[in-house]
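Just so you know, all these numbers are worked out from the coordinates, no wet-lab data involved. All values reported here derive from a predicted model rather than from experimental measurement. Neighbour counts are summed over all protein chains in view; Cβ atoms, including those assigned to glycine, are modelled from backbone coordinates with ideal geometry.
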Amino acid sequence: MESETVTNWEPKILAFLCNWCSYAGADLAGTSRIQYPPNIRVIRVPCSGRINPLFILKALQGGMDGVLVSGCHPGDCHFLSGNYIGRRKSATLKRFLEYLGVEENRVQFSWVSAAEGVKFSQVIQEVTEDVKKLGPLRNFVKK
Amino acid sequence: MPLPGGARDRKDSPGNRPMKNPYLPIPMILKKAQIETSDRLLRTLELSFKNQEEENAFRFIPGQFCELSILGKGEAPFGIASSPMEKGVLKFTINRAGVVTTALHHLEEGAEIGIRGPLGNGYPVDLFEGKNLLIIGGGFAFTTLRSLVAYFLHPDNRSKIKGITVIYGARMPGLLLYKEELLEWERRDDLRLVMTVDWGDKDWKGKVGLVPNVLEEIAPLSEDTYAVLCGPPIMIKFTFPKLIALRFPNERIFTSLERRMKCGIGKCGRCNIGHLYVCKDGPVFSYARLEKLPKDY
Amino acid sequence: MIQEKLREKAKELLSKKEVDLIIGFSEWTLPLRTTPVFIRTPEGTESLAWNSFCENNLATYLHKFGRFKVGIVVKGCDARSVVALSLEKRFPNHRPLLIGVPCQRMVDRKKVKKAVKGEILQAVEQGDLLVVKGEDFEVTLKRDDFLYSVCRSCTHRTPNQADFLIGDPVEEFPLDEAHPDVSEFEGKTPEERWGSFEKEISRCIRCYACREACPMCYCTECFVDSTRPKWIEKSLSPSDLAFYHIVRAYHQTGRCSGCGACERACPMDIRLTHLTQKLNQEVKDLYGFETGIQPEVPPPLSTFHPEDEQGFIK
Amino acid sequence: MKFKLDKKDFERFLKDLMEAYDLFAPVQLAEGVSVFRKIDQPEEVHLTQLVPQKSAKEVFFPQSEVMFRYETVEHREPILSEQRIERERVLLGARPCDIEAISILEKVFAGEDYTDVYFLEKRRKTTIVTLSCNHPLTTCFCSSTGGGPFRRDGSDLFLTDLGESYLVELLTEKGMAFSKNRFFREAGSKDFDLLKELEEKASKKAEASIPVEGIEKRLDLMVESPFWDRIHEKCIGCGVCTFLCPTCHCFDITDEAVNLKGQRVRNWDSCLFPIYSLETSGHNPRPTGRERTRQRLMHKFNYYPKNFDRVACVGCGRCILYCPVHFDIREALLYASSRRSKGQEGQSR
């Protein structure tokens, strides 16, 4: 294995995907053989509303360079309103982390439906590029 | 042959001995592991010493305990379930409840594990010599009582005391520990074993009822007898008055207490009852002693 | 005088047995301070005090006395905490009776101590002035120059939700527009902000005084104490300290009344209120919510609106 | 043996010291907030805060301390490495109360059966340079607990601030090692007179006022007293008093590990935290603030004295000064001794 140098450093991104849409979207991307960067590690969750801010913080502390939370589009939640509740948690947490000095693109959010294999691939590309630009997470990560 | 309590024979002054770090565990190997109960929550670990020197230095009496240590998970205290007469091994029965105990349940045979001990005072086995012994246990607190019984049943020691009566209760027959050994004890004529459960099943031949009531029913004589009591707090609470009613004086009733512990050597605080530390001054206390302490247990 | 009226009301409630106990403030051994008191007899109400040193948010005690009918002395911020707790259904047995006092804004004892040299032995309020005496000094200070910063920005000093109001409502206006410490912090670069945050909390000794002083921190098991899962370690690594302070503050989102009890409780003088004030600004900005103002409106993070802001979502 | 050390030489004196020792002294972290910590630059030393928030106990018993590290590679036996200290140390600038507390801790950590090597090693390798307390605060009650603002016991060197200089007393063999220090000058009778005057003045100010004598016996009779039902009410159960207390010594041991690499760490713990005594089963022998407050006070004034023949309180006043709800331990002691306290009867504070 090559050692991690600045030039060939690849970000590690943790993606929390809603079981009912984004996870299926990722599946679709896979079965349709749509390419996307291999930088994500996926954790399937029952709903984007399940995301406890502790999960996101724990991921960053544990050495992830970026976190993505992806759920169903508004109105499509399997549990009717889970993604709406999640949206408020996401909005406030995102703003708060930025206030504290965590860079804007470290933690990102998306809506990806089960039919959006292409969008899933785009989101992962964008997030990976964003985090790449930021470089490895230096603050907060446990040394 | 009084056994030296591991902790107690090191009384040279702190000034002139090299400082030994009491927080460092010594390595042991998990030789054998066995699930004890039908709920699969209790597992007995049989450990052997990795280093001969440490085995030779390890002397204990029934009722003492060890801190079992799993690197990465932490430590937790457990009473030694084997008897000092079982050479080369130490047994512990672990109730799966928290982080460390779960790890101990997952430990595979052959794995290495750390222990610190023996810790605490143990049962006053010298005091029991020439007397009758009444042993009352409930649930999985039976571990150190098993050590005590096995110690006195050993051919070298059996003549040291007179009669042994054991009352052992559990919620269900499947939850009794050390079942094979209990069968052996039942066959002996120099020990009276009374087993009881809260709910029997169709094969159950012992008693059905709570330990305090069974004690009352069989009413052992208190004369020349020491009682040793170990079990969940609720059992202790109701058994103690029955012993008093049977005319056991406080000085002749002993119990082993459990508390949240960390260091096991009387430094970290937390396990004190009044000015005594359960880890260092206990875990075995006579009722005469407990009675004078705040009811912080 | 407010203090007299307060004692009268408390006495009346206890005499008529409308409450089992009164939680209030009393003078105690140190100058510039009061201490919480728990009064059960009408005579005991003589020790109730009201002054500019009533800094504790007594609502934090309501969890302890859930079985009793409690009368509690509250400032504007304290009352709003009680409303927030009530929304979270913390009073299944008896809703506490609020004895509200319109707040004159509280004096920051640490600021006063820094303004004089030597130990303060006595501090007396005289109108807008504060006369501070030591062994070899006596100075008169302008009270308003020594207020807690959250009090300076406060626009809800009158506890409108109170069952009884002692004294007249006060005119609501901030001495400082918005929260200067939040804007000051926002003026920095992200790197500076993290650095400043990390430096500030590096003094933390994890005594959890900030948590315990807060009426909204009542979880049976705090996430820091959980072993399964274990979220953070118990030592003082910068990362774990940051984790604790981020989550402690964030858990107050939409629940914080901005009383500043967390910061006042800190023995290490860590600036904490700008964190929760920022969150308060966020929920106001995003969802138009202010803690404890409208007793019927659910906490913002337990509800939603289909049209909520989502520009940040891809 | 007594000398004088001019303040203008003080920083250079410290610099010399740091050549041979690791120097620990109070450092200011923010205005009005100081703690004891290892000094990197002499000018960090900050001696003006009479009672720094964290006491000198931290030099011997850090809030967070690695006991040993370990690493397991490929199922082989884990490699343990103990954490021990290398260099000799000097603790400078602690007041007599903090130093008295060290001896209280030492009794616990030395112990009869087990030696806490981490504490003891640091203690043995440390030379203590105490600073006298010329102006005790009103919250100080060291004289009541057996100490005093100029108590020299436990110190190797004792400094008294004379204004322009420090009077230096060398009290022990460890202290005498400094007798040839290049910055020490001869002290004269004028200096001794000033020392005497300062000592008398401070001792008078810190006169014993809190009834600590006989407290152990009085508390023996109060274990189940209704006193505890009320005294704990205002305590919010944080750890300020116990963490800042120079004699509190409870700790927790935890493992911090990722995969098979990690460390066993001990961290200060507090008897006022509910989880401190909570057992895995859910049973808590000290279920409410009543039992926990009782534990804190009884440990200091009853349990510890039973084991070690003195109270485990040095009267530094930290728990009074920094308590978020203004709990005053002196009032608790007055109450316990049935003297009428400042407050009124029939209610709790």
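Give the relative contact order (percent, whole number) for chain D; include only Cα pairs under 8 Å separated by 6+ residues.
Contact order relative to length: 20 percent.
Just want the answer: with Cβ charges of +1 for Lys and Arg and -1 for Asp and Glu, which residue in B:Gly117, B:Asn51, B:Ile26 is farthest toward the dipole's positive end in the stretch B:8-119?
Among B:Gly117, B:Asn51, B:Ile26, the one farthest towards the positive end of the dipole of the stretch B:8-119 is B:Gly117.
Mind putting a number on the dipole of the protein assembly as shown about its Cα centre? Charges go on the C-beta only, +1 for Lys and Arg and -1 for Asp and Glu, and I need it in Debye to the nearest 20.
Once rounded to the nearest 20, the dipole reads 1580 debye.
If you line up the Cα atoms of chain A on their principal axes, what length do they span on each, largest first, in Å?
Answer, in whole Å and largest first: 43, 36, 19 Å.
Set the Förster radius R0 to 30 Å, insert the Cβ-Cβ distance between D:Lys261 and B:Glu53 as r into 1/(1 + (r/R0)^6), and round the FRET efficiency to 0.05.
Step by step, r from the Cβ atoms, then E = 0.60.
So what are the radius of gyration and Dmax for the Cα set of the stretch C:80-212, in Å?
19.0, 54
What are the membrane-span-like helices in chain C by this rule: whole DSSP H runs, Cα extent along the axis at least 15 Å, mean Kyte-Doolittle hydropathy at least 0.5?
Qualifying helices, which must be both long enough and hydrophobic enough, are C:76-87.
Tell me the Rg and the Dmax, in Å, that the Cα atoms of the protein assembly as shown produce.
Calculated on Cα positions, Rg and Dmax stand at 32.0, 97 Å.
For chain D, what is the mean residue ellipticity at 222 nm derived from helices alone (per DSSP H run of n ≥ 4: -39500 (n - 2.57); sum divided by total residues; nearest 500 deg cm²/dmol)?
-8000 deg cm²/dmol
Could you tell me which GluC sites (Glu not before Pro) in the stretch C:252-303 are loop residues by DSSP with no more than 16 other beta carbons within 10 angstrom of their beta carbon?
C:Glu296
What chymotrypsin sites (Phe, Trp or Tyr not before Pro) does the stretch A:5-62 have in DSSP loop regions with at most 14 other beta carbons within 10 Å?
Here the sparse-neighbourhood loop sites are A:Trp9.
Report, in degrees rounded to the nearest 10, the 0 to 90 angle that the Cα long axis of helix B:143-153 makes with the longest principal axis of chain B.
Rounded to the nearest ten degrees, it is 80.
Where both partners of a DSSP beta bridge lie in the protein assembly as shown, what percent of those bridges are antiparallel, to the nearest 5?
That works out to approximately 60 percent antiparallel.
Which listed residue (C:Val107, B:Pro62, C:Cys259) has the Cα farthest towards the positive end of the charge dipole for the protein assembly as shown, taking +1 on Lys and Arg C-beta and -1 on Asp and Glu C-beta about the Cα centre?
Of C:Val107, B:Pro62, C:Cys259, it is B:Pro62.
At q = 0.11 Å⁻¹, what is the log10 ratio I(q)/I(0) for the stretch D:201-349, with the Debye formula run over Cα points and no solvent?
-0.48
Whole Å is fine, so just give me how far the alpha carbon centre of the stretch C:193-219 lies from that of the stretch B:31-93.
Spelled out, the Cα-based centre of one part sits 42 Å from the other.
Counting other Cβ atoms within 10 Å, keep those with at most 10, restrict to DSSP loop, and tell me which GluC sites (Glu not before Pro) in the stretch D:58-121 are left.
Sites meeting the loop and neighbour criteria: D:Glu74, D:Glu86.
Taking the inverse of the average 1/r across all pairs of different Cα atoms in the stretch C:27-135, what Kirkwood radius in Å do you get?
Every distinct Cα pair counted, the radius reaches 15.7 Å.
Based on the Cβ-Cβ distance from C:Lys142 to B:Ala219, what FRET efficiency comes out when R0 is 56 Å, to the nearest 0.05?
0.10
Given N residues in the stretch B:125-256, what is Rg(Cα) / (2.2 N^0.38 Å)?
The stretch B:125-256 yields a ratio of 0.98.
For chain A, what is the mean residue ellipticity at 222 nm derived from helices alone (per DSSP H run of n ≥ 4: -39500 (n - 2.57); sum divided by total residues; nearest 500 deg cm²/dmol)?
My calculation for chain A gives -12500 deg cm²/dmol from helical runs alone.
If you place +1 on the Cβ of every Lys and Arg and -1 on the Cβ of every Asp and Glu, how big does the dipole about the Cα centre of the stretch C:175-295 come out, in debye to the nearest 20?
Using Cβ point charges on Lys, Arg, Asp and Glu, the stretch C:175-295 gives about 500 debye.
Could you list C:Arg33, D:Arg294 in order of exposure, starting from the residue whose Cβ has the fewest other Cβ atoms within 10 Å?
C:Arg33, D:Arg294
Could you work out the Rg to Rh ratio of the stretch A:11-89, with Rh taken as the Kirkwood radius (inverse of the mean 1/r over all Cα pairs)?
0.98
Go through D:Lys107/D:Lys306; C:Lys9/C:Lys69; B:Lys91/B:Lys179; B:Lys237/B:Lys292; B:Lys31/D:Lys261; C:Lys64/D:Lys54 and tell me which ones have a Cα-Cα distance over 18 Å in this structure.
Going by Cα-Cα distance, B:Lys31/D:Lys261; C:Lys64/D:Lys54 fall outside the 18 Å limit.
Given Cβ point charges of +1 (Lys, Arg) and -1 (Asp, Glu) and nothing else, what value in debye, to the nearest 20, does the dipole of the stretch C:1-93 about its Cα centre take?
Using Cβ point charges on Lys, Arg, Asp and Glu, the stretch C:1-93 gives about 360 debye.
Quickly estimate the mean residue ellipticity at 222 nm for chain C, helices only: each DSSP H run with n ≥ 4 gives -39500 (n - 2.57), and the total goes over all residues, rounded to 500.
-8500 deg cm²/dmol
Taking every pair of alpha-carbon atoms in the stretch D:90-244, what share in percent sits in each 5 Å bin, from 0 to the bin with the longest distance?
2, 8, 13, 15, 17, 15, 12, 9, 5, 3, 2, 1, 0
Under 14 Å Cα-Cα from A:Lys119, which aspartates and glutamates qualify once same-chain neighbours fewer than 8 residues away are excluded?
Counting by Cα, and skipping residues close in sequence, A:Lys119 has these aspartates and glutamates nearby: A:Asp27.
Going from the alpha-carbon gyration tensor of the stretch C:175-295, what semi-axes, largest first and in whole Å, does one get by taking the root of 5 times each eigenvalue?
23, 19, 13
Could you list log10 I(q)/I(0) for the stretch B:8-119 at q = 0.15, 0.16 Å⁻¹, which the Debye formula gives when each Cα is one point scatterer?
-0.64, -0.73
State the percent of C-alpha pairs, over all pairs in chain B, separated by a distance greater than 25 angstrom.
Looking at chain B, the distances longer than 25 Å represent 47 percent of pairs.
Using a Gaussian network for chain A with springs between C-alpha atoms less than 10 Å apart, which of these wobbles most: A:Gly101, A:Gly30, A:Gly62?
The residue with the greatest mean-square fluctuation here is A:Gly101.
What is the Cα coordinate range of chain D on the first, second and third principal axes, sorted by size from largest, in whole angstrom?
Principal axes ranked by extent give 68, 63, 39 Å for the Cα atoms.
What translational D, rounded to a whole number of µm²/s, comes out for chain C from Stokes-Einstein when the hydrodynamic radius is the Kirkwood one over Cα pairs, at 4 °C and 1.567 mPa s?
62 µm²/s
Which whole-angstrom value gives the distance between the alpha carbon centres of the stretch D:101-122 and the stretch D:142-210?
The two parts, judged by their Cα centres, are 26 Å apart.
Of all the C-alpha pairs in the stretch C:190-259, what % are more than 19 Å from each other?
Tail fraction, whole percent: 37.
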